[in-house]
Amino acid sequence: GDTAEAVTLASAARETARASGDKGTEALLSERLGRYLWELGDAAGSLAADRAAVALLAGDEPSRLRARAEAALAAGLLLDGESTDAAEHARRAIDIARAAEHAAEEGYALTTLGVAQAVNGELDEGLATLERARTICEDCGSLEEVFRVYASETFVLTTAGRLQESLDVAYAGTAKVRQLGLTSTGGGALLVNTAS
């Protein structure tokens, strides 16, 4: 829970990787740093770290890390209100993840794409994409992403004024959190959306 310390450690480790010329580790740490900075409330710093990770891996062969970096940038752009750019990077992440055969990263990117589609006026397509994301994330056992899909679905449905459907999804997601025994550590955004 010490996000500031996580930022300090990730920043120092990234500098060590950069100094040693280890581009892959530098990109990995940039992606992690992006998430920690977002949690710390530094949206601009988070996006800069995500962009750095993507830039470091540009032109590399498809890999799990490259897919993850693109998916992280897509998620950051979506949270920053850049839904069109988010959809573009999410699609790129999906292509890379499929080429590298890493389904968890595909699920992560599909969640972002689904929300971006809905925000961009493609509600039915967005909901179908979120459904695919949930199936993939559940099959992969990506618990954090399973909760993120449920929370995203409730957000999209609530925004569309489909409140009963949103509640149905929220209750299903909450049941999944309880089933996994993670009520105190997982699904926080889902619980907030349910209460809202």
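The values are calculated or read from the model by the stated rules, or taken from the named source; none is laboratory data. Keep in mind that what you see is a predicted model, and the values were worked out from it rather than measured. Note that we place each Cβ from the backbone using ideal geometry, even for glycine, and neighbour counts take in every protein chain shown. In case anyone asks, the SASA skips ligands and DNA or RNA and just uses the protein heavy atoms, side chains included. Shrake-Rupley method; radii C 1.70, N 1.55, O 1.52, S 1.80 Å.
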| task | State which residue pairs qualify: first residue at positive phi and inside the range 160-175, second residue open to solvent by 50 Å² or more (accessible area, probe 1.4 Å) and not in a helix (DSSP H, G or I) in any location, beta carbons under 7 Å apart, and separation of 6 or more residues or different chains. | result | none
| Looking at this structure, is Leu9 closer than 22 Å to Ser142 by Cβ, part of a helix (DSSP H, G or I) and modelled with pLDDT of 95 or more? | no
| Subset of the range 181-190 that is over 11 Å from Leu167 (Cα atoms) and open to solvent by less than 70 Å² (accessible area, probe 1.4 Å) - its residue that is modelled with the highest pLDDT | Ala189
| said: Filter the range 77-94 down to the residues that are at pLDDT below 95 and either open to solvent by less than 10 Å² (accessible area, probe 1.4 Å) or not in a helix (DSSP H, G or I) (or both) and list them by number. | reply: Asp80, Gly81
| remark: Given (1) farther than 20 Å from Arg68 by Cα; (2) open to solvent by less than 30 Å² (accessible area, probe 1.4 Å), Leu163 misses just (2)
